[in-house]
Amino acid sequence: MGTYRSVEGGSDEVYEIHQIHKHSYHDPPSVDTDTKNGQHTTITYQPVDKPKRDSIDSLILRPDSSDSLESPDLGREKSLGATADPQTPATPQSKSTWQRGRQLWTYGWVAETMGFSVALISLLSILIALMTYQNRRVDTWPLPITLNAFIAIFMVLLKAGLALPLTEGLGQLKWQWFQQSPRRLINIHDFDEASRGAWSCIVFLFKVDTDGFDSSSESLIAYLRRRGEFSKTKLLARFAAFLMIMAFAADPFTQQIVGHVDCPQVSPQAIATVARTSSYTAQGGHTGAGEADIDSPMAVAIEMGLINAPANPATLVNTDCISGNCTFPRFQTVGVCHACQDITASINNATSTKSGSVRNYTLTDADSGDVTAWIGQEQLFSSYAPVSVSTLTNMLELQVLTNAANWVGDPAAYACQLYACVRTYESSVTNQTRTETLIGAQKMGQNQLYYTEQSDYRSLFMLATPTTLRNGTSVACEQHTEAADGLVEVALANVDAAPDDLPASTATVETRWVDADCVWTFGFLSASVVRQQLALELDDTHMYISGGVVVGDLVAKTMWENGTMSLSTLDGYMTGLIDTMTADIRNRGANGTLEYERGEVLVYETCVDVQWRWFSYPATLVFLSGAFFLWLVVHVPKDSVQRLWKSSTLAMLFCDVDQSIAHRVRADCSSEEMKEVARDTRAQLVRDGQGRARFV
């Protein structure tokens with residue numbers, strides 16, 4: 001029929017009810033009689049044995065249905081005259097979808113896992129948005145809210161998701177803390193407060209139990225260890241409080257993630273161009289059979305390169321960049337190259353050993369033995385640049401013989417050659433400033449089909465490269481044995497090679513047909529007038545002492561550099577010369593602007609600039625919170641996930657308090673008075689003989 005508990009006379013007995021009778025008065029042994037309106041109800045009962053005291057399997061467990069503190073029929077009034085038929089089984093009632101969903105939500109750590117999943121998804125959403133729109137224009141953001149507002153929304157979801165595992169985990173640690181040993185009851189208040197606000201978390205983080213500490217008997221560290229302040233449970237609880245503080249303080253840091261900068265963006269309408277050419281045939285007026293005068297632009301370029309070459313020769317190249325910021329793919333062009341070497345070992349020292357003899361140093365022609373350059377006594381510098389070159393592939397062969405002022409040190413000699421070549425560049429324009437980088441160069445050789453051409457613009461130098469650059473991409477040049485549109489006939493000897501001489505006959509020259517953009521040429525008359533102009537400027541120049549002052553030709557002064565000339569300075573001097581000449585060749589190529597390299601015009605727009613160091617804050621918060629939550633899940637027995645109390649206030653409501661504790665608190669006392677009692681009272685959470693949770 002049921003059981004009830006009697007505490008009369010100080011005893012604590014449990015009785016089992018066997019019969020209930022409603023009739024006239026009689027008082028059998030061990031019965032209670034209730035009289036009402038001349039009738040009485042008789043309840044027959046007998047004492048039952050007490051159940052054995054249960055052990056506490058874990059403080060973090062909530063009593064299941066067999067340990068419930070209240071009957072499922074709590075609050076439901078029963079008539080003592082009602083009779084239940086033990087033979088009639090209870091009819092199970094089907095649960096609604098809402099009830100099943102609610103039961104699943106409260107099962108174990110399901111709610112906390114869902115909360116952490118929301119936080120993780122929010123973090124990934126922020127990460128994906130940042131990676132997608134890094135360095136992109138602000139106006140490409142598709143949503144009506146800003147990117148910062150988007151991050152703020154997901155940070156709210158992230159913090160809300162983390163609140164579940166952190167607060168519930170902190171609540172669960174509270175029960176474990178009180179299960180381990182007697183604790184001050186005020187600790188319950190501390191744990192609960194820590195789950196409600198940032199300030200309480202800060203207080204909880206640094207608050208330690210030092211009441212009763214006696215420095216004369218033990219150290220503070222030993223005392224705190226004995227009080228459990230360094231136990232895993234308390235340290236983990238403080239860690240949860242620290243993470244909650246991080247979550248509360250996250251907003252100012254996450255607002256620093258997105259910055260805005262001016263960034264270059266490709267204009268879809270404008271096109272940039274920079275001069276390049278695959279063929280150079282420019283020349284001046286025709287002066288005779290196979291002869292011409294030099295064209296003025298090239299003459300100016302040579303003069304500029306010899307006297308005052310610009311520090312940035314790229315500024316001489318025709319460039320169209322309307323925004324002042326452009327990029328170009330890697331490209332190739334016909335130009336001029338050089339090579340210099342030290343020939344000091346070739347100097348002839350003809351100085352007499354007699355006292356007072358004149359210094360006498362010379363360079364001689366290897367074939368004829370004629371003196372080509374001489375220095376001695378007053379003359380300190382001499383150059384030699386003949387119009388007739390020993391190798392037809394060269395447009396200049398220069399020799400210089402030099403010594404420092406006042407004849408300090410030994411004389412030195414250097415030789416340089418200039419020749420046609422194919423140069424490879426990387427080019428860009430930044431804030432109206434042109435910059436170019438020479439990537440490589442390949443020498444052009446004598447055109448083995450030179451005699452088959454009859455035009456005044458026929459090519460003296462030719463090179464068919466094995467690869468060519470198309471929109472910055474290297475593409476192999478195919479060879480064909482038959483003519484076709486877009487193909488050019490070249491001698492096989494000119495494919496990736498630079499022959500020094502012309503063949504005696506073209507009848508035996510083997511040829512191939514290759515793509516037109518793989519062929520590079522330099523005109524005969526163009527090369528001839530350049531060679532003549534260079535010889536005119538550089539041949540037979542001198543520096544000498546006159547009246548105690550070093551004087552000489554302007555070109556010689558520039559090369560000599562006040563007596564500090566060396567192979568390195570001469571190489572730099574020739575580099576300035578060929579760069580100015582190449583700029584003019586590129587500007588006035590045979591095919592004009594049709595061969596100019598096309599690039600992208602960059603315009604500055606306001607773009608997203610992600611500061612990844614600030615993103616590490618929410619990422620670290622989620623990672624540490626996940627580690628905390630994982631520890632909790634792992635350390636809860638798998639067979640107890642349905643009986644977790646966490647931060648439930650109902651669990652506290654149904655916990656009994658030992659009478660020695662309860663009688664110290666009156667119904668009319670203030671919260672401060674209750675806190676004072678809690679500070680002075682230590683209790684441990686146990687299960688009594690009836691399976692009830694009890695603070696004793």
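The values are calculated or read from the model by the stated rules, or taken from the named source; none is laboratory data. A quick note: this is a predicted structure, and the numbers were derived from the prediction, not measured. Here Cβ is always computed from backbone atoms with ideal geometry, including for glycine, and neighbour counts include all displayed protein chains. What goes into the accessible areas is simple: the full protein's heavy atoms, side chains included, and nothing from ligands, DNA or RNA. Shrake-Rupley method; radii C 1.70, N 1.55, O 1.52, S 1.80 Å.
Using the Cβ atoms and a cut-off under 13 Å, what net charge is assigned to the surroundings of S323, where Lys and Arg are +1 and Asp and Glu are -1? Display every interim value, and only then the final one.
Numbers: positive: none; negative: D262, D320, E600, E605.
Residues near S323 contribute -4 overall.
Ignoring solvent entirely, what values of log10 I(q)/I(0) come out of the Debye formula for the range 262-394 at 0.17, 0.22 Å⁻¹ when each Cα is a single scatterer? Once normalised to I(0) and log-transformed, intensities are -1.17, -1.43.
Sketch the reach of a paramagnetic label on E605 as a point 7 Å from Cα along Cα-to-Cβ, and name the residues of the range 125-149 whose backbone nitrogen lies under 13 Å away. Correct set: 133-142. Which shape class applies to the range 534-614: rounded if a/c is under 1.5, otherwise prolate when a/b exceeds b/c and oblate if not, where a ≥ b ≥ c are the square roots of the Cα gyration tensor eigenvalues? Taking the square roots of the gyration eigenvalues as a ≥ b ≥ c, the range 534-614 is oblate.
Provide the three semi-axes, in whole Å and in decreasing order, of the ellipsoid equivalent to the range 253-337 as defined by the square roots of 5 times the Cα gyration tensor eigenvalues. Provide the component values of the computation, followed by the final result.
Values: eigenvalues 380, 50, 22 Å².
That gives 44, 16, 11 Å for the three semi-axes.
Let me know the shape class of the range 433-574, please: from the alpha-carbon gyration tensor, a ≥ b ≥ c as square roots of the eigenvalues, rounded when a/c is under 1.5, otherwise prolate if a/b is greater than b/c, or oblate. Since a/c reaches 1.5 and a/b is larger than b/c, the shape of the range 433-574 is classed as prolate. Charge tally around V529: other residues with Cβ under 11 Å, Lys/Arg +1 each, Asp/Glu -1 each, net -2. The mean accessible area for residues of the range 399-482, using a 1.4 Å probe and ignoring ligands and nucleic acids, is 47 Å² per residue.
Between A350 and T558, the simple spin-label model (points 7 angstrom out along Cα→Cβ) gives 3.1 nm. Protection proxy ranking, highest mean first, for peptides 297-303, 501-507: 297-303, 501-507, where packing is the per-residue count of other beta-carbon atoms within 10 Å, averaged.
Loop-only GluC sites (Glu not before Pro) in the range 397-490, please: DSSP not H, G, I, E or B, and at most 12 other Cβ atoms within 10 Å. If you can, show how the numbers build up before the last one.
Working: sites: E397, E426, E436, E453, E478, E482, E489; in loops: E453, E478, E482.
Of the GluC sites (Glu not before Pro), the ones in loops of the range 397-490 whose Cβ has at most 12 other Cβ atoms within 10 Å are E478, E482.
What is the local net charge at N494, summed over the other residues whose Cβ is closer than 15 Å to its Cβ (Lys, Arg +1; Asp, Glu -1)?
On the way: positive: K443, R458, R512; negative: E453, E489, D496, D500, D501, E510, D515.
Residues near N494 contribute -4 overall.
Could you please state how large a percent of the accessible area of the range 489-562 is carbon and sulfur, counting protein chains only and using a 1.4 Å probe?
Numbers: 1540 of 3240 Å².
It is 47 percent, rounded to a whole number.
Modelled this way, with points 7 Å down the Cα-to-C-beta line, the labels at T132 and K232 are 4.3 nm from one another.
Looking at the range 528-621, the GluC sites (Glu not before Pro) that sit in a DSSP loop and have at most 16 other Cβ atoms within 10 Å of their own Cβ are E561.
Name the shape class, rounded, prolate or oblate, that the alpha-carbon gyration tensor gives for the range 361-455, where a ≥ b ≥ c are the square roots of its eigenvalues, rounded holds for a/c under 1.5, and otherwise prolate holds if a/b is larger than b/c and oblate otherwise.
On the way: a/c = 3.69, a/b = 1.36, b/c = 2.71.
Taking the square roots of the gyration eigenvalues as a ≥ b ≥ c, the range 361-455 is oblate.
Would you mind getting me the FRET efficiency between H286 and S474? Use the beta-carbon distance for r and R0 = 45 Å, nearest 0.05. Calculated transfer efficiency: 0.70.
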